[in-house]
Structure formats: structure tokens, C-alpha cells
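Quick notes on the structure that follows.
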Amino acid sequence: MLSRLFRRLFVKALEKAFEAGELRFFAALEPLREEDAFRRHLALVRRAEWVVYAKPPFAGPDQVLDYVGRYTHRVALSNDRLLDIEDGEVRFRWKDYRQGGRQKVMTLEADEFIRRFLLHVLPDRFQRIRYYGLLGNRHRGPKLARCRALLGVPEPEPDDTVKDYRDRCEELTGVSLWECPVCRHGRMIQVEVLEPGAPRPPIQDTS
């Protein structure tokens, strides 16, 4: 299953890159510049059985489930562990499991903190949790409504307590995302969402 998943995602990414003109072919691969040749090559790749290297964990499957289970319904770093953001540095608490889970404080440059945090973000089209049956995303609404009707259970009341992320950010950091960062008086509103620009062509190495 893992082999076929990686194969599908990899081939799809290759197709997308080819259509966007982001692939470059040299030497023996030059014929693949032609679309028909490229499609024939991908057809061969799709029929090949990929090998995904996986080895058993040192501490057994229970330890793996315990580790992965910490991230299924939450982010890698909760807000209460952030202590300070100042002068381009981030201070936060972490547990040193080599010393029995002792609480320590680490300070990182903002860029390094963001880099480490993004290591826990899944690549595009990967999902941490997949629901099946009644909870499958595709038909969850109608099926759950049908279950409630059969069981005589009323529809749940809508949750009006969910706050806008900008209000939540102001509560946690004291910085308002509504306020104009220039004049400090105007209110920021969304006017337009800009589409990403075309990718730049890669710089050829002529050394």
C-alpha cells in the first residue's frame, strides 16, 4: 500500500512539473523532452512495483504508535510551550526524554524555529488521518444525518464559540492582525487573494 501511494504521488508530481516546463533533460534522457516519449516513459514507471524500505522499530510497534499518536490531533508544538518571541528569537519549553522527561528551555533563531516546525508538516496530498465508513469525508454529512434520523437523535447545535484566528492570535501574543502595521489606526480587510506567480526558470550551471 505504501509503495503504491508513493508511486502515485511521485508520478503525479512529475507530470505536473513536465506540464509546467520545470523539468530539464540532458544526455541520454534528452528524448524525454518530447511529450509522447515522456508519457510512454511514465507508463513504464506506473507498471513497476516500487520498493519502499521500512524496517522494524527498535522498541516495537507499541512505541511507534505512542510516538505517532501525539501528533494525530494536534500540532508538533502547543501554544502553552511558547515562552517568548523577541529580537528574532523564539524561546520554548521541551522535554528531555533522556533525562526522564525533564522540562528544559531552548532558544532558537526564528528562521531555524520555523524550519524545525515545518518538518512536522506533511507534504501536499498526504493526510494524517483517513476516515472510512460512516465518517468518510465524501458522504459523512448525509450518512450521519440519516443515522440521527433513524435513531431519533436531534441535530447538534452549531458551535458559535469558535473565534477568528486573528482574534486568537491577539489573545496569545498581544499583536493585532486586524490593525494596519503602518499607521496603527486603520483596520486590515481582505481585498483580493493573489494567485502565485509563474515559477522562475532554474539557473543553469555553466561552471
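Of note:
- Residues in the range 146-196 that are surrounded by 10 or more Cβ atoms within 10 Å (Cβ to Cβ), in a loop (DSSP other than H, G, I, E, B) and among the basic types (K, R): K163 only.
- On inspection, D124 does not qualify as within 30 Å of T173 (Cα to Cα) and in contact with a strand residue (DSSP E or B) (Cβ under 9 Å, 6 or more places away or on another chain).
- Unmet requirement for R81, which otherwise passes all of (1) in the same structural domain as L108 (by TED's automatic domain parsing); (2) surrounded by fewer than 10 Cβ atoms within 10 Å (Cβ to Cβ): (2)
- Meets criteria (surrounded by 12 or more Cβ atoms within 10 Å (Cβ to Cβ) and in a strand (DSSP E or B)) for V90: yes
- Residue pairs meeting the criteria (Cβ under 9 Å; at least 6 apart or on separate chains; first farther than 15 Å from E109 by Cβ and in contact (Cβ under 8 Å) with a residue 12 or more places away in the chain, in the range 75-87; second part of a loop (DSSP other than H, G, I, E, B) and charged (D, E, K, R)): A76/R70
- Scope the range 129-145; condition at pLDDT below 80 and loosely packed, with under 10 Cβ neighbours inside 10 Å; matching residues: I129, R130, Y132, G133, R138
- Residue that is nearest to R81 (Cα to Cα) [pool: residues in the range 106-122 that are more than 13 Å from the chain's Cα centre (by Cα) and not in a helix (DSSP H, G or I)]: M106
- Taken together, F92, F58, F26 contain a single residue that is touching a strand residue (DSSP E or B) at 6+ places or on another chain (Cβ under 8 Å), free of Cβ contacts under 8 Å to residues at least 60 places away in the same chain and aromatic (F, W, Y), which is F92.
- The requirement of being more than 30 Å from L108 (Cα to Cα), basic (K, R) and either out of contact with any helix residue (DSSP H, G or I) (no Cβ under 6 Å at 6 or more places or on another chain) or surrounded by 10 or more Cβ atoms within 10 Å (Cβ to Cβ) (or both) is not satisfied by R70.
The values are calculated or read from the model by the stated rules, or taken from the named source; none is laboratory data. Here the structure is a predicted model, which means the values were calculated and not measured. Neighbour counts run over all protein chains shown; Cβ positions are idealised from the backbone, glycine included.
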